[in-house]
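The values are calculated or read from the model by the stated rules, or taken from the named source; none is laboratory data. Fair warning: this is a prediction, and the values are worked out from it, not measured in the lab. Neighbour counts run over all protein chains shown; Cβ positions are idealised from the backbone, glycine included. Protein only, heavy atoms only, side chains kept; ligands, DNA and RNA dropped before computing areas. Shrake-Rupley method; radii C 1.70, N 1.55, O 1.52, S 1.80 Å.
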Amino acid sequence: MRPTFQWHLGSRSLELGKRTLIMGIVNVTPDSFSDGGRFLDTAKAVEHASRLLDEGADIVDIGGESTRPGARVDTEVSASSEQARTVPVVSAEEELERVIPVIVALKRIHPSAVISVDTYKATIARAAVGAGAEIVNDVSGFRWDPRMLNTLADLRCGAVLMHMRGRPEEWRGLPPAQDVVHLVKRELTEWAENAVAKGLVRARIVLDPGFGFGKSFDQNYPLIAHFAEFQKIGFPLLAGTSRKSFIGRTLGGEKVVPPADRLFGTLATETALILQGAQIVRTHDVRASAEAARVADAVLNAS
């Protein structure tokens, strides 16, 4: 059985687990791996987000910086501390210019829409929540910006803590994890408990194992097969496999199938993940995923 939760977003909450919620992806970027450049214009992004809501999206996730494989997220070392810190390739100002107008316009058209902002920068998180977003989806697990945890605790919004090994520009050279399921489970547990200790309320946190983020192609399948293990951490779970390269590699072998042709493979992974306990699925293809989720939910209810 899939556990149920109330995900507290501030002024309201979402029920998780009774049925699968669908998070639709809106990339306001020129270089995202699947749809980069298609929705960089604010009007096109709002139109696309509205279409996703009409197709059944429960949440719209708006992002202004790509973290695709090979994307450069630089680090620099402070002379005083000798500790590396993240230097964003997309400046906060540019990211604000991309995402805030989309959030404002979408809330004007769809006042009740639940909006998530995909960012690892605390300044963007604060501005986005101020503009109407209710969820911050941080691919760095709240680790790249030292201000993020305090900001989230202060904002009292929902938060997605995602697991990532290394940084995008390092992924191709990372040694494989000996036991990827154990590693992801242990680090997600540590990072989530640290977030709670720093003041982030447990009921506001959702965990994401980060398919494709620092995992080799083959390592994504154990994460799917043993996804139910992550339920033991005690938080709701989000799964995002939509159009990812490990699916393209499985479908095409040496000739990797392009992102636009990975829908059916995506639906196979999403269905498996729902049956393993995912409460939320993050996807580019909302209508197809919503229909697959409806059938998977019926299977869960019958069991």
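Here are some notes:
- DSSP-defined antiparallel bridges as percent of all bridges, the chain, nearest 5: 20 percent
- The residues of region 149-303 present an accessible area of 43 Å² per residue when probed at 1.4 Å with all protein chains retained.
- Each Lys and Arg contributes +1 and each Asp and Glu -1, all at the Cβ; summed about the Cα centre of the chain, the dipole is approximately 540 debye.
- A simple rule links phi to the HN-Hα coupling: the Karplus curve 6.51 cos²θ - 1.76 cosθ + 1.60 with θ = phi - 60°, which for region 96-107 gives 4, 5, 7, 9, 5, x, 5, 4, 4, 5, 5, 5 Hz, with x for Gly and Pro.
- Net charge dipole size for region 145-203 [Lys, Arg +1 and Asp, Glu -1 on Cβ; Debye, nearest 20]: 120 debye
- Between Thr189 and Glu94, the simple spin-label model (points 7 angstrom out along Cα→Cβ) gives 4.0 nm.
- The slack between Ile109 and Leu251, meaning 0.36 nm per residue of separation minus the straight C-alpha distance, is 47.2 nm.
- Relative compactness, the chain, computed as alpha-carbon Rg over 2.2 N^0.38 Å: 0.93
- The modelled label-to-label distance for the pair Ser303/Asp54, using points 7 Å beyond Cα in the direction of Cβ, is 3.5 nm.
- Of Lys44/Lys107; Lys121/Lys198; Lys18/Lys244; Lys121/Lys244; Lys215/Lys244; Lys215/Lys255, those spanning more than 22 Å from alpha-carbon to alpha-carbon: Lys18/Lys244; Lys121/Lys244
- Projecting the Cα positions of Leu14, Leu238, Thr29 onto the charge dipole of the chain (unit charges on Cβ atoms of Lys, Arg, Asp and Glu, taken about the Cα centre) puts Leu14 furthest along the positive direction.
- Computed per residue of the chain from DSSP H runs no shorter than four, each worth -39500 (n - 2.57), the mean residue ellipticity at 222 nm is -11500 deg cm²/dmol.
- Of the peptides 218-229, 246-257, the order by per-residue mean of other Cβ atoms within 10 Å, starting with the highest, comes out as 218-229, 246-257.
- Placing unit charges on each Cβ (+1 for Lys and Arg, -1 for Asp and Glu) gives region 153-270 a dipole about its Cα centre, and among Ala153, His226, Gly248 the Cα reaching farthest toward its positive end belongs to Ala153.
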